[in-house]
Amino acid sequence: MAGRHGDEVQVWDDIKAAATDVLHRHRATITHHHTVGRDHRPAYDLQHSEPFALALRAAKNGLDPHHIPNPGVLPG
């Protein structure tokens, strides 16, 4: 994406959206080892089951009760 100086964030968003779409179409997951961040939240919403969401929420509340990393990304 050379030649788009100043549009780096939009370029990143475009690439991330295309990669997310490919992964979703092939039933792959975009969530991974560290957490669900703002970039990954739309894919997480498509991919997670409710039991997984409950388990992740419980782990997050137990390990990070003040929601310091990525505050507001996942409901408490």
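None of the figures in this text is laboratory data; all of them are computed from the coordinates on show. Note that the coordinates shown come from a computational prediction; the quantities given were computed from them, not determined experimentally. FYI the Cβ positions are ideal-geometry reconstructions off the backbone, even for glycines, and counts take in every protein chain you see.
Inter-label distance, residue 10 to residue 56: 3.0 nm, where each label sits 7 Å from its Cα along the C-beta direction. Between helix 8-25 and the chain there is an angle of about 60 degrees, using the helix long axis and the longest principal axis of the Cα atoms. Name the shape class, rounded, prolate or oblate, that the alpha-carbon gyration tensor gives for the chain, where a ≥ b ≥ c are the square roots of its eigenvalues, rounded holds for a/c under 1.5, and otherwise prolate holds if a/b is larger than b/c and oblate otherwise. Because a/c hits 1.5 or more and a/b fails to exceed b/c, the chain counts as oblate.
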